[in-house]
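These notes are about the structure you will find just below.
The values are calculated or read from the model by the stated rules, or taken from the named source; none is laboratory data. Remember, predicted model here, so these are calculated numbers, not experimental data. In this analysis, Cβ positions are derived from the backbone assuming ideal geometry, glycine residues included, and neighbour counts consider all displayed protein chains.
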Amino acid sequence: MNTVTSTLEAYRPAMHYASKDTWLNDPNGLVFHEGIYHLYYQNNPFGNVHGNLSWGHATSTDLVSWEEQPVAILCDETEEIFSGSIVVDHGNTSGFGEDGTAPLVAVYTSAYKPGSLHQGTQAQSIAWSTDGGYTWTKYAGNPVLTRNSPEFRDPKVFRYEGPAGSYWVMAAVEALDFAVLLYRSDDLRNWSYLSTFGPANGTGGVWECPDLFPLPVDGDAANTKWVLTVNMNPGGPNGGSAGQYFVGEFNGVRFTSETTVTEGLQDDARLAEYDWLDWGRDYYAAVSFSNVPDGRRLMIGWMNNWQYANHIPTAPWRSPMSLVREISLTSADGRPRLVQQPVHEGAAGSTAGQAQFLSVDGSRTLDGGTAVQLLEVAFTPGTAGEFGLVVRGSGDGSTGTRIGIRPGAHQLFVDRTASGDTAFHDAFASVDSAPLRLVDGQYALRIFVDHCSVEIFAENGQVALTDLIFPDPANTAVSLYSTGGTTEASLKLTALASGRY
Ligand code: FRU
């Protein structure tokens, strides 16, 4: 292995899924089945840039360590297999089940190739598995839903059980119309139109990869609301790809949002008022698992951005997934907001340090910085105009990823301009910010640092900011800083086990 190759491989995450030696993008078909979490994903089995889209596959029992499996659904001469979802067809409504076994049914977008019967269109197709999701058979009657549209894609299917009845519902996008279309079916083969949502809020780019699910507000099942998530590229709050969400009601036919800021097309001046799943540059195409017990709602996003996705300096693999996030709803200032908490407990061998209480004025490098760690820090603002941390730093202040807070501007930011390798694409070196509120007199952050990423959760999980970074592997220093005054900080560092898979 030469030096260049080993540096590139050094970015392979310890806590996040990345394929062994191929390209990946969107998570697809996330499903829990018979004790196993299945992560399928947009995959180029033949290279490490976007192309030959097929469904790759990985499995996990703890949502932290993943095992790569053989490619699940392969592209062919007629179609690429674009994003979609999987349901466990408990009632065998599709008729694909055998010997009393409930089939898994995948609903995906056929992106038809030139020369195929349906060329120029994207339509929804199905495939089934009766061996627990390892081998798949495409339905001979595909596609099962077409609008003869070139940009109709990303079906997310769930079982609706409610006042309106019991049936399958599909959310899919007309990407260029900023529209989520809902359909219903009794057998997953025949679909009829229900309604359309959009345009609303973020419309700075095409709408992709929707999801629709119920969640209790503050754990109160009697006050359940529906969440519609929509990914969008470009036009995110800090540029490029990002996901937004709406909260409201779904009556079995129509989703009605109660959190819409801008009906119709985006008002750029109000971009920061929209609800974003993540304010960072590298959390896209997020969707949730189906069939998870106990009503848990778990999501994964693709940790990359279409602005530079094909160029990030990793090889032979390219693109990691985010950590799995457990999602809930809370009511803050009378408004429903999504709360995200990463699932990381499975990381065996993690060692928590002692909590430290520090007064910072200027910059102060701490003991205990490691390449892969969780930093839990709470700042009590004083007179300083800005404070925060530098992670994956050189220790001398010249290099590192700055995670800062400007209390006067109510702003959290990540400055990755000096984070390491940024030269591979013009759009990469960036300062990405999010609005941030003081909670009980403090700004508390949970920061997950891995070999090529930082994922930051603030306001008890109501604000997330995820960015890729490509630091020198030797740079593991953590410093605190406070500019123009003193800041009190409490801090705990937990070294997370580097169980690369
Ligand atoms: C989102 C997306 C989807 C599409 C897939 C193709 O990143 O563009 O809309 O199905 O990627 O790989």
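Quick test of your reading of the structure: Glu80 fulfils all but one of (1) closer than 26 Å to Val230 by Cα; (2) free of Cβ contacts under 8 Å to residues at least 12 places away in the same chain. Name the failing condition by number.
Here Glu80 meets the rest and fails (2).
Could you list, in sequence order, the residues of the stretch 197-211 that are within 16 Å of the ligand (Cβ to nearest atom) and part of a strand (DSSP E or B)? Show your work before the answer.
Pass one, the stretch 197-211, residues within 16 Å of the ligand (Cβ to nearest atom): 198, 202-211.
Residues satisfying the conditions are Val206, Trp207, Glu208, Cys209, Pro210, Asp211.
For the stretch 437-464, which positions are touching a Phe, Trp or Tyr at 6+ places or on another chain (Cβ under 6 Å) and part of a loop (DSSP other than H, G, I, E, B)?
If the condition is that a residue be touching a Phe, Trp or Tyr at 6+ places or on another chain (Cβ under 6 Å) and part of a loop (DSSP other than H, G, I, E, B), then His451, Cys452 are the ones that fit.
Return only the number of the condition from (1) small (Gly, Ala, Ser); (2) out of contact with any strand residue (DSSP E or B) (no Cβ under 7 Å at 6 or more places or on another chain); (3) surrounded by 16 or more Cβ atoms within 10 Å (Cβ to Cβ) that Gly334 does not satisfy.
Gly334 satisfies every listed condition except (3).
Of everything in the stretch 95-109, what is among the aliphatic types (A, V, I, L, M), touching a residue at least 24 places away in the same chain (Cβ under 8 Å) and away from the ligand (no atom under 16 Å from the Cβ)? Give them in sequence order.
Leu104, Val105
If you check Ala434, Ala418, Ala429, which single one turns out to be in a loop (DSSP other than H, G, I, E, B) and farther than 19 Å from Ala309 by Cα?
Values: Ala434 fails: in a loop (DSSP other than H, G, I, E, B); Ala429 fails: farther than 19 Å from Ala309 by Cα.
Only one candidate qualifies: Ala418.
State whether the residues of the stretch 422-434 include one that is in the same structural domain as Gly362 (by TED's automatic domain parsing) and touching a His at 6+ places or on another chain (Cβ under 7 Å). First the steps, then the outcome.
From the stretch 422-434, those in the same structural domain as Gly362 (by TED's automatic domain parsing) are 422-434; that's our starting set.
In the following step, the residues that additionally are touching a His at 6+ places or on another chain (Cβ under 7 Å) were identified as 424-425.
Within the stretch 422-434, one or more residues are in the same structural domain as Gly362 (by TED's automatic domain parsing) and touching a His at 6+ places or on another chain (Cβ under 7 Å).
Count, please, the residues in the stretch 51-74 that happen to be part of a strand (DSSP E or B) and within 16 Å of the ligand (Cβ to nearest atom).
7
Can you tell me which condition Glu77 does not meet? The list is (1) away from the ligand (no atom under 15 Å from the Cβ); (2) outside any loop (DSSP other than H, G, I, E, B), and all the others hold.
Just one mismatch for Glu77, condition (2).
Restricting attention to the stretch 369-414, which residues are in contact with an Asp or Glu (Cβ under 6 Å, 6 or more places away or on another chain) and either acidic (Asp, Glu) or at pLDDT 95 or above (or both)?
Thr380, Arg402, Gly404, Arg406, Val414 - these are the residues of the stretch 369-414 that are in contact with an Asp or Glu (Cβ under 6 Å, 6 or more places away or on another chain) and either acidic (Asp, Glu) or at pLDDT 95 or above (or both).
If the requirement is being over 21 Å from Trp191 (Cβ atoms), over 19 Å from the mean Cα position of the chain (by Cα) and either within 16 Å of the ligand (Cβ to nearest atom) or surrounded by fewer than 22 Cβ atoms within 10 Å (Cβ to Cβ) (or both), which of these qualifies: Asn92, Asn48?
Asn48
Only one residue in Val292, Val343 is in contact with a Phe, Trp or Tyr (Cβ under 7 Å, 6 or more places away or on another chain) and surrounded by fewer than 20 Cβ atoms within 10 Å (Cβ to Cβ). Which one?
Exactly one of Val292, Val343 is in contact with a Phe, Trp or Tyr (Cβ under 7 Å, 6 or more places away or on another chain) and surrounded by fewer than 20 Cβ atoms within 10 Å (Cβ to Cβ), namely Val292.
Just need a number here: residues in the stretch 302-315 that are touching a Lys or Arg at 6+ places or on another chain (Cβ under 8 Å) and away from the ligand (no atom under 16 Å from the Cβ).
Final tally of qualifying residues: 1.
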